[in-house]
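Chemist: Before anything else, here's the structure in question.
The values are calculated or read from the model by the stated rules, or taken from the named source; none is laboratory data. Values in this document were obtained by computation on a predicted structure and should not be read as measured data. Cβ placement follows ideal geometry from the backbone for every residue including glycine, while neighbour counts extend to all protein chains displayed. The protein model used for the area step is the full one, side chains on, heavy atoms only, and it has no ligands, DNA or RNA in it. Shrake-Rupley method; radii C 1.70, N 1.55, O 1.52, S 1.80 Å.
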Amino acid sequence: MSHSEIAPLTDALLTAAKTAGADAADAIAVDGTSIRIEVLNGALELAERSEGVELGLRVLVGQRQACVSASDVEPSTLTEMAERAVAMARLAPEDPNIGLADPDALSDVRDGDALDLNDPGENPDPAGLEARALEAEAAALGVQGVSQVSTAGAAYSRRRIHLAASNGFSGGYARSDHGVFCVAITGEGTGMERDYFGDSRNHLGDVMSAAEIGRIAGERTVERAGAKKPPTGAYPVIYDERISSGLIGHLLSATNGTSIARGSSWARDLLGEQVLPAHLSLIEEPHRPRTSGSRPFDAEGLPTRNRAIVENGVLTGWTLDLATGRKLGMPSTGNASRGTGGPPSPSVGNARLTAGDFSREDLLAQMGTGLLITSMIGSSINATTGDYSRGASGFWVENGEIAYPVNECTVAGNLKDMLRSIVPANDARPHLSRVVPSLLVEGLTIAGA
């Protein structure tokens, strides 16, 4: 099915909702196929496949709303969904902020063709995925010092989405994803260390070779052999490019309209204030071609556009859908997202942080002595105060050079202070949804040995 082929399902849901007594409604249909293959010791270990159509319906009765979902496309099911949703909405509490978009505000773009998110090639077969997984495993095992590969796999998915609403919006698009991943182990028993690498793209032709993915996973793993705890104290920290987007993700979460409307964000008083160094900006880019977080329109049918979330270090606005915008007295920023099971909520897809003038090696030299983090586990973050504590592993750096691998340590600080001190490198991978380079952060507390 193309997204236009599932459009009759959303139309039928809207008709059923009107018949059942809804004042307004929107509906989403998602037709998806996914395959995941994993191998172990040269043999097939896991084969998963799922496919089907999921439907979601939101109805509004006055200022009350309800959402229902189903995976059955029979006409009787659509009627039952609408009747159930209207009955639920009549019992729901009133919310003055809900409601569909004004028809005049709807996006003129109704498909995703310009974003090139869908690989036109044939769906890969399981044998082809297994071959790529085996190639990655063999390449990792070929790296001297790798004792085993715990997981090597390849995956594929294609989703076709169609959104329609009683305000006249009807549009959809398709997105494919191809990926290969590998996790390798070095050492034995309690001395085992692991690391990983993977690559995922919308188009198969853009994916790195499975052999290169396996080799990088193996080399990363061997570098971790003999890891030990770092010293305890206050030191600068570099967040490696592979995990640095998580730090920026904390800022995106704190400036999400849902958190702001609840008053539960450490950034609630920072609108118009400096949150990053003055020369850095954080730009949302929803129209980047062949990028997983791109969207031609948002989940309420509003236009998506480039937006400076932070401009020259200053926080310019919140991330809003219609409901959170109304609650805060602001217009939507075109950031509504939704699944089939609930109402829209705001979220950021693609984002790019200003790159620096330094390589990661330059940042290491600038840091002198401190911690290079390549992996993080667990999280203890106070959403209201920004107090931050996370488990980490990576490498201890002395005199600007990597000295030895480290594990089982904790880094702590406050996100407000951390983000205002970041120094970016220039090593971000441009095809990722979050384009964030390695980041040097001053003044964190490391708990190690």
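Chemist: Just round it to a whole percent: the fraction of Cα-Cα distances in segment 154-241 exceeding 21 Å.
Modeler: 57 percent
Chemist: Continuing with the same structure: To the nearest 20 debye, what charge dipole does the chain have about its Cα centre, counting +1 at the Cβ of each Lys and Arg and -1 at the Cβ of each Asp and Glu?
Modeler: About 940 debye.
Chemist: Before anything else, pin down the relative contact order of the chain: Cα pairs under 8 Å, at least 6 apart, normalised by residue count, whole percent.
Modeler: In percent, rounded to a whole number, it is 15.
Chemist: Restricting things to alpha carbons, tell me how big segment 307-449 is in terms of Rg and Dmax, in Å.
Modeler: For segment 307-449, the Cα-based Rg and Dmax read 18.1, 53 Å.
Chemist: Ordering D362, D31 by accessible area with a probe of 1.4 Å, largest first, what comes out?
Modeler: The most accessible residue leads, giving D362, D31.
Chemist: Do you know the relative contact order of segment 176-287, to the nearest whole percent, from alpha carbon pairs under 8 angstrom that are 6+ apart?
Modeler: Rounded, it is 19 percent for segment 176-287.
Chemist: Pick out, from T10, S389, A70, the residue whose Cα sits farthest towards the positive end of the charge dipole of the chain, with +1 on the Cβ of Lys and Arg and -1 on the Cβ of Asp and Glu.
Modeler: S389
Chemist: Evaluate E = 1/(1 + (r/R0)^6) for E5 and S264, where r is the Cβ-Cβ distance and R0 equals 41 Å; express this FRET efficiency to the nearest 0.05.
Modeler: 0.45
Chemist: Now for a separate question. To the nearest 20 Debye, how big is the dipole of segment 116-223 about its Cα centre, given +1 on the beta carbon of each Lys and Arg and -1 on that of each Asp and Glu?
Modeler: For this selection, approximately 460 debye.
Chemist: Let me ask something else. Obtain the radius of gyration and the Kirkwood radius of segment 356-422 from its C-alpha atoms and give Rg over Rh.
Modeler: Here Rg/Rh amounts to 1.01.
Chemist: Can you give me the accessible area per residue for the chain, using a 1.4 Å probe, in Å²?
Modeler: Result: 42 Å² per residue.
Chemist: Residue separation times 0.36 nm, minus the C-alpha to C-alpha distance between D357 and T190: what's the value?
Modeler: So the extension gain works out to 56.1 nm.
Chemist: Could I ask something else about it? Taking the radius of gyration and the Kirkwood hydrodynamic radius from Cα positions alone, what is the Rg/Rh ratio for segment 68-198, to two decimal places?
Modeler: Using only Cα positions, Rg/Rh for segment 68-198 is 1.19.
Chemist: Across 5 Å bins from 0, what is the distribution of all Cα-Cα pair distances for segment 1-146, in whole percents?
Modeler: Spelled out per bin, shortest first, that is 2, 8, 13, 13, 12, 12, 9, 8, 7, 6, 5, 3, 1, 0.
Chemist: Over the Cα atoms of segment 222-337, Rg to Rh with Kirkwood Rh, two decimal places?
Modeler: Taking Rh as the inverse mean 1/r over Cα pairs, Rg/Rh reads 1.07.
Chemist: Let me ask another. Starting from the Cα of T384, step 7 Å along the direction of its Cβ; do the same at Q274; then give the gap between the two resulting points in nm.
Modeler: 2.9 nm
Chemist: Compare L100, L282 by solvent-accessible area with a 1.4 Å probe and give them largest first, with all protein chains kept in place.
Modeler: Descending accessible area places them as L100, L282.
Chemist: Using alpha-carbon positions, what is the distance between the centroids of segment 289-315 and segment 330-379, in Å?
Modeler: 14 Å
Chemist: With +1 on each Lys and Arg Cβ and -1 on each Asp and Glu Cβ, how big is the dipole of segment 232-371 about its Cα centre, in debye rounded to the nearest 20?
Modeler: Roughly 540 debye, rounded to the nearest 20.
Chemist: Let me ask something additional. Assuming R0 = 60 Å, can you tell me the calculated FRET efficiency for the pair K228 and R290, based on Cβ-Cβ distance, to the nearest 0.05?
Modeler: 0.90
Chemist: Cα centroid distance between segment 385-449 and segment 24-55, in Å?
Modeler: Going from one Cα centre to the other spans 35 Å.
Chemist: Net charge within 10 Å of N335 by Cβ-Cβ distance, Lys/Arg positive one each and Asp/Glu negative one each, not counting N335 itself?
Modeler: With Lys, Arg at +1 and Asp, Glu at -1, the net is -2.
Chemist: Another one. Calculate, for T369 and N306, the FRET efficiency according to 1/(1 + (r/R0)^6) with r their C-beta to C-beta distance and R0 45 Å; round to the nearest 0.05.
Modeler: E between T369 and N306, to the nearest 0.05, is 0.70.
Chemist: Let me check something: with ligands and nucleic acids excluded, how do R215, R429 order by accessible area (1.4 Å probe), largest to smallest?
Modeler: Sorted by accessible area, descending: R215, R429.
Chemist: Right, another one. Positive end of the dipole of segment 143-253, charges at C-beta (+1 Lys, Arg; -1 Asp, Glu), about the Cα centre: which of C182, A165, I213 has its Cα farthest in that direction?
Modeler: Farthest towards the positive end: A165.
Chemist: Express in Å², to the nearest 10, the accessible area of M88 obtained by rolling a 1.4 Å probe over the protein heavy atoms while all chains stay in place.
Modeler: The value for M88 is about 80 Å².
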